[in-house]
Amino acid sequence: MTTKMKQSKKMDDIPFSGIRKVFEAAGQLEKQGKDIINLGIGRPNFDTPQHIKEAAKKSLDEGHVFYTSNYGTETLRTAVANKLKRDNGLDYDMSDVIVTVGANQAVSIAMTAMLDPGDEVLVPNPSWLHYFYCADLVGAKTVSYPLLEENGFNVIPEDIEKLVTPKTKMVIVNSPNNPTGSILSKESLQAIADIAKKYDLVVLSDEIYEKLIYDDSVHYSIASLDGMKERTILIHGVSKSYSMTGWRIGFAISANKEFVSAMIRVLQYTVTCANSFAQDGAEAAINGPQDCVEDMRVQFDKRRKLVFDRINKIEGLSCICPKGAFYCFVNIKKLGMSDEEASNYYLNEAGVAMIPGSAFGEYGAGYLRVAFSNSYENIEKAMDRIADATAAYLARK
Ligand SMILES: Cc1ncc(COP(=O)(O)O)c(C=O)c1O
């Protein structure tokens, strides 16, 4: 007998996140008393800077415990508009900014608001999982454009153009990129912008890692290019730059009033608004002193160099040096096992959690994502363990 007591058909194609799977497996081992070093989750290990916490405490003490406007508080939205001017040279109005429950919800409302079933979305592959599954949840089809190691994990704009069909509605750009750490050059962004204009595409530009860039790299926003503001939805947030992942504050920004109107209606019928006092904390983060961001970036840079240096000394493993974010995408193809097997092997044999690259799309197969958001000391220890476990594996082969 058939029953209606089951999930919707669309959920049959929505897997559990490959990141959470590793997180949970690592948690189980920890419960059994194993010492696990987590290089899996993309979560800065720093405490949120004190002045931000104080602002949220003050907000609570002042009674900011109610719903805010669906759009978020005017003061936070103004702070974001000012930040876009200050950091990115972009002219946005407070009314272009929607405060969301983390950047993830910004991605979700943007895709829900803009995509119909059957619409096609061009997504970098490998990339942040939400782009794939937020599209799936609304019945849109994702079409991957590859980020390949031989191209430094950079976008080849011609690859994007080849995939455009009459059904293509949106193209996603993410720079700095999770999981590869690559950064889009101004020329690449210009080429993508030209494609978007030629084929009348909406651009979703996820810039959450904009502050985490290294060496002489520069972050450019695609919205700053000629004719792009009206067709771009910017995704920003405080999680990564200010170590506020648990506060759940992000932003969807667009100068296109119709986009904002559609996105806010999705937000209204899902979460209503973001947390009131967390919004006040985020405002202090954006308006306050920015040296905390630089201090953390300097720490990440040291860890980046450590991972790059150590991984490339291990026979069987290699990686190119990430230019941004806090991930190294390590090539494990010489080991002769799949990335899922490698992730399991290092977790169980070395007590080091790393995410299989295929969790970020099929072009990630053969890689492990190493998040250098853990402490320098823990990363050093993890690199020793990875070196020993790799040598032991190769010796047995
Ligand atoms: C590219 C990218 N966008 C968005 C997010 C989510 O950020 P938030 O914590 O603000 O939801 C992440 C988190 O890892 C990410 O890597």
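A short reminder: the numbers here are calculations on the coordinates, not readings from a lab. Keep in mind the model is a prediction, meaning the values are calculated, not measured. Because the Cβ atoms are built from the backbone with ideal geometry, glycine has one as well, and the counts that use them run over all protein chains shown.
At-a-glance table
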{"read-out": "Top of GLY250, GLY63, GLY72 by mean-square fluctuation, Gaussian network on the chain, Cα under 10 Å", "value": "GLY63"}
{"read-out": "Considering only the chain, percent of DSSP beta bridges that pair antiparallel, nearest 5", "value": "45"}
{"read-out": "Cα centroid separation - the range 61-107 against the range 214-289, whole Å", "value": "7"}
{"read-out": "The range 206-247: translational diffusion in µm²/s, Stokes-Einstein, Kirkwood Rh over Cα pairs, 25 °C, 0.890 mPa s", "value": "208"}
{"read-out": "Rounded to 10°, Cα long-axis angle of helix 257-268 versus longest principal axis of the chain", "value": "70"}
{"read-out": "Residues SER59, SER127, SER69, sorted so that the one with the fewest Cβ neighbours within 10 Å comes first", "value": "SER69, SER59, SER127"}
{"read-out": "Set of the range 115-134 residues, backbone N closer than 17 Å to the point 7 Å along the Cα-Cβ line of ARG265", "value": "115-117"}
{"read-out": "Residue-count net charge about ALA365 - beta-carbon cut-off 13 Å; Lys, Arg +1, Asp, Glu -1", "value": "-3"}
{"read-out": "Net charge contributed by nearby residues that have their C-beta within less than 12 Å of ALA140 (K/R +1, D/E -1)", "value": "0"}
{"read-out": "Net charge contributed by nearby residues that have their C-beta within less than 12 Å of ASN125 (K/R +1, D/E -1)", "value": "-2"}
{"read-out": "Ranked VAL80, VAL352, VAL298, criterion: other C-beta atoms within 10 Å, fewest first", "value": "VAL298, VAL80, VAL352"}
{"read-out": "Descending Cα extents along the principal axes, the chain, whole Å", "value": "61, 60, 53"}
{"read-out": "Protection-proxy order for peptides 86-96, 23-33, 355-365, each taking the mean of Cβ atoms within 10 Å per residue, highest first", "value": "355-365, 86-96, 23-33"}
{"read-out": "Sum of -39500 (n - 2.57) over DSSP H runs of 4+, divided by residues of the chain (222 nm, nearest 500)", "value": "-12500 deg cm²/dmol"}
{"read-out": "GNM result for the chain, Cα springs below 10 Å: residue of VAL271, VAL107, VAL143 fluctuating most strongly", "value": "VAL271"}
{"read-out": "C-alpha long axis of helix 276-287 to longest principal axis of the chain, angle in °", "value": "80"}
{"read-out": "Rel. contact order, % - alpha carbon contacts under 8 angstrom, at least six apart, the chain", "value": "23"}
{"read-out": "Long-range amide H partners of GLY237 with built H, under 5 Å", "value": "PHE251"}
{"read-out": "Helix 74-88 vs. the chain, principal-axis angle (Cα, 0 to 90°, nearest 10)", "value": "60"}
{"read-out": "Kirkwood hydrodynamic radius (C-alpha pairs) into Stokes-Einstein, the range 50-287, 37 °C and 0.692 mPa s, D in µm²/s", "value": "183"}
{"read-out": "Within a Gaussian network of the chain (alpha carbon springs, distance under 10 Å), most fluctuating of HIS236, HIS219, HIS64", "value": "HIS64"}
{"read-out": "Loop-located chymotrypsin sites (Phe, Trp or Tyr not before Pro) in the range 210-310, at most 10 other Cβ atoms within 10 Å (DSSP)", "value": "TYR269"}
{"read-out": "Extension gain, ASP291 back to THR3 (0.36 nm per residue minus Cα-Cα distance, nm)", "value": "97.9 nm"}
